[in-house]
Each structure stands twice: as C-alpha cells, then as structure tokens.
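For reference, the structure discussed in these notes is given below.
Every read-out reported here was derived from the displayed coordinates using simple, explicitly stated rules and does not represent laboratory data. Keep in mind the model is a prediction, meaning the values are calculated, not measured. Because the Cβ atoms are built from the backbone with ideal geometry, glycine has one as well, and the counts that use them run over all protein chains shown.
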Amino acid sequence: MFKTLQNAWQIPELRKKLLFTLLILMLYRIGNVIPVPFVNTELMTDYFDSTLSTTILGLYNAMSGSAFSQATVFALGIQPYINASIIIQLLTIAIPALERLAKEGGEEGKKKIERITRYTTVGLGLLLGWAYYQMLYSATASSPEYPILKQDGFLPALVIILAFTAGSAIVMWLGEQITEHGIGNGISMILFANIISSIPAAISTMTTLKWWVDIIIVVGMAALVLFIVFINDAERRIPIQYAKRVVGRKIYGGQNTNLPIKVAMSGVMPVIFAQSICSIPATIATFMGKTSGWFYENLWSSTSVVYCIVYAMMIFFFSWFYSTIQYDPVEIANNLKKNGGFIPGFRPGKPTADFIKKVINKIVVFGAVYLTIVCLLPVVGGNLLDGVSNLAIGGTSVIIVVGVALETVKALEAQMLMRHYKGFLD
C-alpha cells in the first residue's frame, strides 16, 4: 500500500489528484469543528457522552467524525446523501419512468438521476436538521438549569435547521468533487476520514481497560483485518470458452477465459446502507427526546438481539440489491452468445443465464454472511468484555476503513498501469 502511494506520488497527474483529495478532506475536517449558532457545544458533548454514547448514535457519531456529538455544521455528515441514494435507487426499480431514465437515458439520464438525488438530500437534510433541533429543545426542556440551547424561538430554530441542512449539502458537494477530480469514491473517502479521526479517542479509551482486554482487542482487530483482506480478494471464476470462427483467411476465438465474480462484489455499501436504515428508529426516538424507556434501552439498543437480527437482514437485502444492479445474468448470457462464448456444459441462452444467476445467488449469500460476521462480531465482544462497547468502533468501521483503503490502492494501481502501458508498438 505505501509503495503504491509512493509510486503514485511520483506521477504529476496522480500527485495532483492526491493533493486535491487531501485538500477536500482537510476542508471537511475544518467544517467538522465549526459549531452551529445558539448551541452550547460543551453541554451538548457532555449530554451525548452521558446519555447517547452507548447507543446506536455512538456509531453514528463515529461515522461523522465526532461532529454529531459537538453540534457542528457537518453534524449530519454524509448520512442524508446516503439515505437519498438508497431511496432513489429503490424508486428506480419500483417506478418504470425512473428505470427507463437510468437504463436508456444515457449520460443525460444519469445526470437527471443525480440531480434528483441532490434535491432529495436537501429535503432529508431539512428533516434531520429539524429533528436534531427537536432533540436539543427536548434536552434543554428536561434540564433547564443546563440549557443546551442558548436561545429558543423561531429565528434560532430556523438558523440551526438551515445550518445543518447547508452542512449536509456541502458534504454532498465535497464528496462529489472527490469522486470527479480526486482519488476513490467521495462518500467512502469521507467516511474513511471520519473513522480514522476517531482512532486517537479509541486508543485513549483502551488505556482505561485491563491489559488483557487490550491484547484481545488488538489481536481481534488484526485477525478481522486479515479476514477482510482475504475475502476482498476472493472470487468465483466461471470458465468460459470461445468457439473458433473463420473470417476470410483468419481464425478468431478458440481461447479459454473466465468470468470473475467477487465474493465481496458490493464492497462496503451494503454495510453503510444497512447501518443508515437501522439507525433511523433510534435517531427518531432520540430527536423526539425519548432517551430512556424499554424501546430505546432494550429493544433497539446497538447490542440488542432484535437490532442485530434486523441489521443482518438489512445486510442480506442490500447485498442482494447491489448484486442485481451489478450483474444481469440475462445480459451476460446474451453478450456471451453474441461473441461466440459459452460455459462448458451449458447451452447458450437461458440455461447459461440460469447458471450464472444460481452462482451469483450463492456468492451473495456467502458475501452477506461474511459482512454480517464482521459487523456483529464486535457487538458480541462488547457484550462479553467490559468497556469494549465504549470504543464506538466496531466491525462496520473496520470493514469501511479496510475496504476503502483497498479500493483506493486498486484505483491508484489501475491509473498507474494505464499511464505506464507501452503498447504493442514499442
């Protein structure tokens, strides 16, 4: 990884992209420490640490780089954009007009879908900004001697809500700039920066634990990283053979190749989407001031059995959802048939499509099981070991960090290979 970064730094064009990505991430981190007006950020941080840090919002806070607990401009982070992307992609399947726009609209249709996603992000930013203000208002009303809101009323509420909404829109724009002009996916890079920024606090928390617990955590994290790297490179290769064709005096085809299907075909996106969906009930309950009670403390806490089951179901659903987007067995079979390719033992056409679909379904199940194990293993460890749950960095964070790092390195290697390929004329 470090060798790849060193080689990429020596290429002027890639060096500019790396510097641009670092600049955008630096601007994002600056926005992460700018507080919104009319909020006592110190009392808000104390309130979060005492009441909300051990809930699902602790993970939400880690995903935002501690901006959520400090009521900064970027407190909502990239979550509104992620949720908007989920909504639009689901509607693309459910609404025929959007489906035609996505599949047949070409570049112009893609731009329209992106525009709709941006508008949806702003709408969700307004909704979540209002909900965040309601949480501040409820916390102030419950403890008037320690008012988190320095001033209430229509104007302060409007300023706070619009500040959160503008922050979510700016984060969306920053992510798009990284995707277009930088290295890697913008959403993933912002999440990566947020999680990395919380590592010093996690190390500080580990110093308060018993030494043997620290050893278990370090060994477990190392094993988890190795497991993620191993699965990330695993793939199922379907053998493909091309028939020989005689065109004039030349013979084409006859070679053997394969169709690679990665086990982790969807990367970290199913985890991100599942975590976003599962955080909605607890987020709504918190924003409405319901920080205690049976639902909040038992049924839907981040360590409850119900939450883990729903979380696993969401991971399975989004793994399947992304496999349907990335792989169309019928289209793959038709392309093979057009090019004279076939899978040994299966006739071209529908039998080939059915076989590819069967293989993909098996891989999706295995990949979803892998993601579920990685995400829920730290939850189990937190229930068995005292103090581990306070780290607020679980399997979701680890798989995002490792996945984004591997994807970024592969993107750099691909661009370096493209620039150093000499061609057949040399």
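Show me, for the stretch 138-144, the HN-Hα J-couplings you get by feeding each phi into the Karplus relation (A = 6.51, B = -1.76, C = 1.60, θ = phi - 60°), rounded to Hz, glycine and proline as x.
5, 5, 5, 5, 6, 9, x
Structure shown: which of 17/262; 16/112; 3/410 lie over 23 Å apart, alpha-carbon to alpha-carbon?
Correct reply: 17/262; 16/112.
So if I take the centroid of the Cα atoms in the stretch 313-351 and the same for the stretch 204-222, what is the distance between those two points in Å?
44
Taking the beta-carbon count within 10 Å as an exposure proxy, list 229, 122 from fewest neighbours to most.
The most exposed by this proxy come first: 229, 122.
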